[in-house]
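Working notes, beginning with the structure itself.
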Amino acid sequence: MSIDNTNHHQLERRLADIGWDALLSKPFTPSPATWEDEVLYFLMLDRFSDGNEQGYRDNAGSPVAAGATPPFRFADDAYRADRAVWADAGNQWLGGTLKGLASKLGYLKRLGVSAVWISPVFKQVESDRHAYHGYGIQNFLDVDPHFGSRQDLIDLVQTAHAQGIKIILDIIINHAGDVFGYHADRYPDDRGGMDPRWDGGQYSVAGWRNAFGETNIPFGPVDAATHPHAWPNDAVWPVEMQAAEHYTARGRIDNWEHDPELYDGDFVTLKNIHLGHHDLDHQGRRLPDRYHPSAALRHLCQVFKFWLALTDVDGFRVDTVKHMEPGATRYFVSVIKEFAQTLGKENFFLLGEITGGRRHAWEMHEMTGLDAALGIDDVPDKLDFLAKGWREPGDYFSLFRNSALERKSEFVWFSDHVVTMFDDHDQVRRGNAKARFCGDHVNNGYAHLKAVLGLNLCSMGIACLYYGSEQGFDGAGDNDRFLRECMFGGRFGSLQSSGRHFFNEDHEIYQFIAEVCTLRDKHMALRRGRQYLREISETGAPGSFGLPRMIGGQIRAVVPWSRLFDDQEVLCAINTDAHQPRAAWVTVDASLQSGRAALTCLYSSNPAQIGVVVPVAAHNGRAVHIQIPPGGFAVFA
């Protein structure tokens with residue numbers, strides 16, 4: 001693919017060149033009142049849209065006849081590409097752009113999405129043909145030309161805001177791309193070279209990499225006189241990030257749980273940035289309130305203040321928070337939050353990867369000021385396999401129960417501080433056995449897809465969808481690439497196809513999500529309500545009620561929960577059995593339902609059930625008898 005760098009001479013090479021007065025002279029879009037009202041959608045930009053599709057609906061809803069890529073048809077196009085050729089294509093740049101995404105915002109709005117989280121857009125290392133993911137930055141002040149230009153990003157945000165959609169940018173402050181190489185002097189690898197892995201010592205740096213990957217530029221501030229062509233594709237930019245002391249240079253992380261290795265080591269080939277240090281107490285423990293930010297961290301704060309002011313985005317997703325010392329995260333969060341408030345963005349969203357249990361998530365949230373956490377306590381695993389009938393319902397719902405641990409009022413903390421999703425772009429939890437929800441053919445993932453989506457969209461937390469789930473993408477394999485198929489087809493379309501796009505608004509899963517999101521909009525309880533896993537009984541007899549649970553290592557039953565807000569109760573339920581409908585007596589709130597004769601089915605994945613009235617009976621206090629379709633979802637109120 002030919003890359004156009006003709007406008008690079010107009011860009012700032014130094015943070016000192018930024019014209020702040022002009023950037024801050026325009027109006028900015030206010031933040032939403034609360035992020036738990038939003039439905040997020042995470043997409044890999046290179047894999048979403050190249051703008052060359054035909055037969056989709058534009059942002060206004062009108063059919064588009066132009067374009068070269070026809071829509072996917074399962075009977076004609078599925079599993080037709082050569083597997084080896086198709087898989088190899090998925091490991092390189094494929095052509096998704098900011099303009100392509102801008103042309104599909106209507107598709108997302110009609111789906112029910114209200115906030116789009118975009119994989120990193122910043123300029124990548126020129127020589128890395130696998131950098132399509134965006135996590136290896138070479139110029140922190142530019143958009144990668146594969147994706148478009150700065151103006152394309154500005155235009156995207158403006159178009160999104162006109163559609164009522166917020167934009168969240170994925171950002172990285174933990175590391176830069178593979179911008180320099182080592183003179184590795186230890187640990188031979190199996191290719192006859194050296195493997196610069198962590199052992200606590202520093203490595204000698206061979207030099208900055210040029211556009212061809214060669215380490216022929218002295219490490220440190222680039223001398224423009226001796227290397228006049230280093231701009232824009234060699235070394236790292238802006239100039240302020242070229243100081244040698246900004247990088248720990250201790251080689252790649254070998255033990256991902258070892259402290260300080262996990263903080264100071266390189267993220268594989270991506271070069272770790274020195275963000276600062278904590279003072280230590282007499283026992284060698286970090287003092288949370290005694291953090292000294294480095295010059296590099298201060299520079300990166302300026303970088304992302306620049307992007308906020310330039311584009312008017314609504315939030316950042318901060319990558320690899322686990323590998324940043326808490327003090328660095330807290331400093332960054334404080335700087336960005338304060339700056340956003342000066343622009344009228346009182347609730348600018350900062351989402352961070354905080355892995356581990358909920359104690360760690362809560363402590364990190366309190367310590368750093370991040371608004372929300374991703375990946376805590378195996379949320380994706382619990383969502384995924386509960387819907388398929390292989391996890392205890394209580395293990396998922398107990399994540400959201402009141403606990404003295406959080407020292408918060410009942411159910412408040414998790415409601416808008418945890419992002420819930422079941423598919424994502426790397427699935428660290430699965431090791432080398434990657435698979436989207438529908439890629440799990442052993443458990444017939446597609447047959448359970450409506451159940452997991454209902455659970456994700458209507459249980460507590462900030463719901464996030466991963467692109468392609470609405471079209472039943474089924475990527476699976478031993479590499480992240482299999483989770484990153486192209487919505488626009490190209491050489492790496494989903495379902496092992498090529499040259500066919502997937503922007504099909506008539507797809508049954510797309511329609512299901514749109515209907516459930518409409519229901520969320522109508523009922524505040526589904527967005528902000530307290531949450532209770534409900535007891536069930538087959539017969540309704542006294543003493544027969546209990547929380548749904550696994551029997552013999554699986555559960556094939558109705559799993560119901562209530563969302564309560566003010567004086568409203570909305571009862572939701574999924575069926576973990578994909579082969580037959582399941583029925584149960586389900587407990588409801590005795591006080592709220594004491595004067596009610598019946599509940600009405602507001603929604604069901606079986607349309608024939610919508611509008612059906614179910615009597616409220618005096619069982620286990622108060623209960624209703626409901627039936628849920630196979631692998632389905634229903635809502636009653």
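Based on this model, can you work out whether Tyr79 counts as part of a loop (DSSP other than H, G, I, E, B), of a type in the set (Ser, Thr, Tyr) and more than 30 Å from Arg13 (Cα to Cα)? When the stated conditions are applied, Tyr79 passes them. The set of residues in the range 606-637 that are touching an Asp or Glu at 6+ places or on another chain (Cβ under 9 Å) and either surrounded by fewer than 23 Cβ atoms within 10 Å (Cβ to Cβ) or at pLDDT below 95 (or both) comprises Asn620, Gly621, Arg622, Pro630, Ala637.
Can you name the residue in the range 283-309 that is modelled with pLDDT under 90 and more than 28 Å from the chain's Cα centre (by Cα) and, of all such residues, is farthest from Phe349 (Cα to Cα)?
Here is the first cut: in the range 283-309, the residues modelled with pLDDT under 90 are 283-289.
Subsequent filtering for residues that are more than 28 Å from the chain's Cα centre (by Cα) retains 283-287, 289.
Working: Gln283: 36, Gly284: 34, Arg285: 30, Arg286: 27, Leu287: 27, Asp289: 23 Å.
Top of the filtered list is Gln283.
Condition check for Tyr532 on (1) within 20 Å of Asn456 (Cα to Cα); (2) surrounded by 23 or more Cβ atoms within 10 Å (Cβ to Cβ); (3) aromatic (Phe, Trp, Tyr): one failure, at (2). Of all the criteria given as (1) modelled with pLDDT of 95 or more; (2) outside any loop (DSSP other than H, G, I, E, B); (3) in contact with a helix residue (DSSP H, G or I) (Cβ under 8 Å, 6 or more places away or on another chain), the one not satisfied by Glu515 is (3). Comparison of Gly201, Gly207 shows that the only residue that is modelled with pLDDT of 95 or more and either surrounded by fewer than 17 Cβ atoms within 10 Å (Cβ to Cβ) or in the same structural domain as Leu351 (by TED's automatic domain parsing) (or both) is Gly201. Checked against (1) closer than 19 Å to Leu526 by Cα; (2) at pLDDT 90 or above; (3) surrounded by fewer than 22 Cβ atoms within 10 Å (Cβ to Cβ), Lys382 passes all but condition (1). Considering Lys305, Lys345, Lys322, the condition of being touching a residue at least 24 places away in the same chain (Cβ under 8 Å) and either touching a helix residue (DSSP H, G or I) at 6+ places or on another chain (Cβ under 6 Å) or more than 30 Å from Phe400 (Cβ to Cβ) (or both) is satisfied by Lys305 alone.
Residues checked against (1) over 28 Å from the mean Cα position of the chain (by Cα); (2) outside any helix (DSSP H, G or I):
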{"residue": "Gly213", "(1), (2)": "yes, yes"}
{"residue": "Asp223", "(1), (2)": "yes, yes"}
{"residue": "Asp259", "(1), (2)": "no, yes"}
{"residue": "Leu262", "(1), (2)": "no, no"}
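Of the residues making up the range 225-261, those that are at pLDDT below 95 and of a type in the set (A, V, I, L, M, F, W, C) number 1.
The values are calculated or read from the model by the stated rules, or taken from the named source; none is laboratory data. If you're wondering where the values come from, they're calculated on a predicted model, not measured in any experiment. Because the Cβ atoms are built from the backbone with ideal geometry, glycine has one as well, and the counts that use them run over all protein chains shown.
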